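Participant: One structure, as structure tokens, below. Some questions next.
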Amino acid sequence: MTNSRRTAIFEFQLGDLPMMAHAMMIGRNTEMLSGRKIAAARADAIAKQIDACVPDIARIFDEGVFCELCAALAEAPEWAVSIKKARFRTWEHSPGQIAVEIGAKTFLSDEATYTDASPQVELLRAFLDEVSPVADRALNMGAMPGSTP
């Protein structure tokens, strides 16, 4: 951290970070192709810095889907996580997409390779518990999420 007049500090919502990382990767690639070595190196460092802040669980979703999921969570804190199986997969334990239902909206993972036993399902539930506005209210009242205040 510096107090130089040549720096700026930005703050992003967790839901926006995957989009920012993707945009910065495009910018970095543009600089690499342009032949501007200093700009390419700086863009690469910034892209890596932003990407390191992206929650791991966000990587199972498209960047825009994750952004909208987090925005919906802020408006309607009740959610449910399930596996949505493809219609052509009829056997009982067939894989599917992770589906997050928030209000009337459903947000699907990019890949259809998950089952109820996939570790990503529990990781996603833990993430949603942590960032849910309900958790914020519990923390503000001095209670831990899931406990009785």
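Any read-out appearing in this document is the output of simple, stated calculations on the displayed coordinates, not a laboratory observation. If you're wondering where the values come from, they're calculated on a predicted model, not measured in any experiment. Here the Cβ positions follow ideal geometry from the backbone for every residue, glycine too, while neighbour counts run over all protein chains shown.
Participant: List the residues whose amide H sits under 5 Å from the amide H of ARG36, counting only those 5 or more places along or on another chain, with H placed 1.01 Å from N in the peptide plane.
Facilitator: none
Participant: Lysines within cross-link reach of LYS105: Cα-Cα under 26 Å, excluding same-chain residues under 8 positions apart?
Facilitator: LYS84, LYS85
Participant: Still on this structure: Leaving out same-chain residues fewer than 8 places away, which lysines sit with a Cα under 23 Å from that of LYS37?
Facilitator: Straight-distance partners of LYS37: LYS48.
Participant: Largest first and to the nearest Å, give the Cα extent of region 41-90 along each principal axis.
Facilitator: Principal axes ranked by extent give 49, 31, 15 Å for the Cα atoms.
Participant: May I ask you to evaluate 6.51 cos²θ - 1.76 cosθ + 1.60, the Karplus curve with θ = phi - 60°, for each residue of region 39-53 and list the ³J(HN,Hα) values in order in whole Hz, giving x for glycine and proline?
Facilitator: 4, 5, 5, 5, 5, 5, 5, 5, 4, 5, 5, 5, 4, 5, 8
Participant: Also: Around MET19, with a cut-off of 11 angstrom between Cβ atoms, what is the net charge of the other residues, counting Lys and Arg +1 and Asp and Glu -1?
Facilitator: -4
Participant: With label points built 7 Å along Cα→Cβ from the Cα atoms of ALA86 and ILE9, find their separation and express it in nm.
Facilitator: Placing both labels 7 Å along Cα→Cβ, they lie 4.8 nm apart.
Participant: If you don't mind, there's one more thing I want to ask. Any chance you could check the Cα centroid distance between region 5-42 and region 44-85 for me, in angstrom?
Facilitator: 19
Participant: Right, here's the next one. Given the convex hull of the Cα atoms of region 1-123, what is a quarter of its surface area in nm²?
Facilitator: 10.6
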